[in-house]
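Encoded as structure tokens, the structure appears first; notes follow it.
The values are calculated or read from the model by the stated rules, or taken from the named source; none is laboratory data. Quantities reported herein were computed from a predicted structural model and do not represent experimental measurements. Positions of Cβ are backbone-derived with ideal geometry, glycine not excepted, and every protein chain shown enters the neighbour counts. Heavy atoms of the whole protein, side chains included, go into the accessibility calculation; ligands, DNA and RNA do not. Shrake-Rupley method; radii C 1.70, N 1.55, O 1.52, S 1.80 Å.
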Amino acid sequence: MRTLLFSALVIALEGCSSDDNSQAPNSNGADTLAPIIDHEFADSKEKYGYCWGVSRGVNRLMNIDENQLREFVDLDVLLQGFSDGILEADTMSQAEIEEEFQTFSNLFQNSPDLIGKDEIDAFSQVFGKLDAKLVLMMASTYGIADEINYEAVVTGYQHIVKGEPRYMDEQEANATLEKYFLQVIDERNEKFLADNLAKDGWKETESGLQIKVIKEGTGPTPSPQDAVKAHYRLFMMDGRMLQTSYEREAIQFDVQGVIPGWTEGLQMMKEGGEYKLVVPQELGYGAQPDPRSGIPPYEVLTFDIELIKVIKK
């Protein structure tokens with residue numbers, strides 16, 4: 001079996017790059033047998049932290065079981081790696097994780113007979129610290145680093161990976177966590193949009209799309225039935241540029257074949273014009289952007305658009 005683990009290991013790393021609402025592991029996972037016990041959380045920080053730990057632990061056990069990695073993961077070491085990473089911020093960088101993961105991939109593929117306790121412990125540490133890194137990274141990204149009880153995160157994670165009695169089941173933990181994140185995201189997005197609209201030169205349409213004219217065009221305005229040729233840049237809320245077409249040829253597409261924010265904004269432009277658009281998540285990619293795009297769910301997006309040509313149909 002060990003000679004087949006290389007592809008499973010790759011899936012294991014890639015499949016745990018974000019939180020989701022996965023259900024509990026199958027009946028082989030010890031956590032499905034643990035009873036629910038009454039517990040009164042001290043405050044919201046403890047409750048949300050605990051839910052986060054449960055969610056992360058469920059995802060990790062599912063990943064281990066789906067990829068048949070139980071033989072190669074020591075759950076005690078996994079838990080210690082997670083605890084160290086959360087409470088001591090002893091997380092590895094992404095580059096270090098990938099480098100160490102590649103080392104194990106090569107070992108499992110080429111020299112499976114050399115796998116011993118030291119290798120299993122080190123591999124388990126990588127998984128634990130990866131989970132810790134994801135929690136800390138998301139807390140920072142969403143501006144809630146001070147709103148989480150991290151000891152409670154570790155407790156929730158421990159209850160799952162060790163199969164101990166839990167304060168709530170996985171479905172309740174995920175639902176609670178999802179509701180909290182949506183609240184945080186809504187507040188963050190509303191503030192971003194309000195702050196941007198207060199800047200010079202910006203105006204807002206009835207739909208909530210925000211527009212700033214950089215250069216007015218002199219050519220025709222596209223209709224919904226037309227196609228256009230355009231250049232663009234895409235920026236995240238933190239100011240990072242995620243995509244650009246300026247490093248290649250301009251793109252051609254139907255006006256109605258893109259996100260609603262673009263469809264609306266393009267019909268306010270003339271050929272040769274350059275606009276900035278701030279697109280609320282409802283007019284963008286919403287809850288389910290293409291995972292390959294690198295766009296987080298519910299992200300407000302900023303675009304630079306240069307309308308090069310209107311193609312009448």
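Taking the Cα centre of the chain as the origin, how large is its charge dipole in debye, to the nearest 20, when only Lys and Arg (+1) and Asp and Glu (-1) carry charge on their Cβ atoms?
Computed about the Cα centre, the dipole is about 1380 debye.
Build a GNM of the chain with springs between Cα atoms under 10 Å: which of Gly261, Gly272, Gly57 gets the top mean-square fluctuation?
Gly272
Pop out the ³J(HN,Hα) list for the range 203-213 in order, Karplus 6.51 cos²θ - 1.76 cosθ + 1.60 with θ = phi - 60°, rounded to Hz; leave Gly and Pro as x.
Running phi through 6.51 cos²θ - 1.76 cosθ + 1.60 with θ = phi - 60° gives 9, 10, 8, 4, 6, x, 5, 10, 10, 9, 7 Hz.
Using a 1.4 Å probe on the protein heavy atoms only, what accessible surface does Arg233 show? Give it in Å² to the nearest 10.
80 Å²
Pick from Asn110, Asn149, Asn67: which residue has the top mean-square fluctuation in a GNM of the chain where Cα pairs under 10 Å get a spring?
Per the Cα network of the chain with a 10 Å cutoff, Asn110 tops the list.
Across the range 167-313, how many lysine pairs separated by 8 or more positions, or lying on different chains, have Cα atoms within less than 19 Å?
27
Return the Rg/Rh value of the range 146-280, two decimal places, where both radii are evaluated on C-alpha atoms and Rh is the Kirkwood radius.
Result: Rg/Rh = 1.17.
Could you tell me the largest-minus-smallest coordinate of the C-alpha atoms of the chain on each of the three principal axes, in descending order and whole angstroms?
70, 50, 32
Just grab the label-to-label distance for Ala145 and Glu172, each label 7 Å out from Cα along the Cβ direction, in nm (one decimal).
3.2 nm
Just report the Cα centroid separation between the range 50-93 and the range 192-216, whole Å.
Using only Cα atoms to place each centre, the spacing works out to 43 Å.
Towards the positive end of the charge dipole of the chain, with charges on Cβ (+1 Lys, Arg; -1 Asp, Glu), say which of Val258, Gln109, Met237 has the farthest Cα.
So the residue furthest toward the plus end is Val258.
Go through Asp84, Asp238, Asp195 and list them by solvent-accessible area, largest first, probe radius 1.4 Å.
Asp238, Asp195, Asp84
Where does helix 44-66 land angle-wise versus the long Cα axis of the chain, in degrees 0 to 90, nearest 10?
80 degrees
Please report the Cα spread of the range 23-176 along all three principal axes, rounded to whole Å, starting with the longest.
Over the range 23-176, Cα extents along the principal axes are 49, 35, 20 Å.
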